[in-house]
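In what follows, a single structure is set out as structure tokens and then discussed.
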Amino acid sequence: MTDTPARAGEQATEEQEGAAPAGAPAPERAADPTALVQEAAELKDRLLRALAEMENLRRRTEREVADARVYGISAFARDLLAIADNMRRALDAFGAEPHEAPDAGTKALLEGIELTERELLKVLEKHGVRKLDPEGSKFDPYRHQAMYEVPDESVPAGTVVQVVQPGYTIAERVLRPALVAVAKGGPKVSAPEAAGEEPAAASANDNSAPDESPGSG
């Protein structure tokens, strides 16, 4: 009998300890599945965007490194072109081939300049720099620069008839356009060729038509 008040007091103490304080926050509710799915989709989208940006950065970096490896000598090579031009001018100033020089000294000098020019062009070509000598070819505004026109009816209009200064390319880019003279007044080849192809195609169609007609055979 004497233990009953003690037990009741213990139970009251336990209830007070288990009860939440008046100012304590209420326990969190269970998360909404729809919100979780939406959050996961947003995080996935952000991750995919980040991966795509990193892939684009990697490809751009590889391209820039490759371009720097190929075109990094462009400025240096462009400066060397003046040396090649001066060597060619020295050879052209004599107006004759080295073996046609009047004396042995001049012949040796011209042969030395010619060998030096050939070696310089070989070294430039080794590093991807190639000489453009478009005489006789069709004018290309991306590789040639027209200095003047020459009346010449013996060649098609737009043909390069003279190279004032050779051009150079490095890999797929133009290092220096060729300075050229372009013919005018000659026949235009492109239009007649295109007109000649159309009748040929029409003739082929006409020949094939009777085979497919119901009355043939």
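Just name one of 71, 113, 47: the one whose Cα is farthest towards the positive end of the charge dipole of the stretch 47-127 (beta-carbon charges, Lys/Arg +1, Asp/Glu -1). Going by the charge dipole, the pick is 47.
Along its first, second and third principal axes, ordered by size, the stretch 71-143 spans 43, 30, 17 Å in Cα coordinates.
Spacing of the modelled spin labels on residue 122 and residue 80, each 7 Å from Cα toward Cβ, amounts to 1.3 nm.
Contact order for the stretch 47-127, expressed relative to its length and based on alpha carbon pairs under 8 Å spaced 6+ residues apart, stands at 25 percent. List every residue whose amide H lies under 5 Å from the amide H of residue 137, counting only residues 5 or more places away in sequence or on a different chain, with H placed 1.01 Å from N in the peptide plane. Amide H neighbours of residue 137: 160. Within a straight-line Cα-Cα reach of under 23 Å, residue 138 can be paired with the following lysines, leaving aside sequence neighbours fewer than 8 residues apart in one chain: 184, 188.
Where a number appears in this text, it was derived from the coordinates with a stated rule and is not lab data. All figures in this text were calculated on a predicted structure; none of them were measured in a lab. Reconstructed Cβ throughout: ideal geometry from the backbone, glycine too, with neighbour counts over all protein chains shown.
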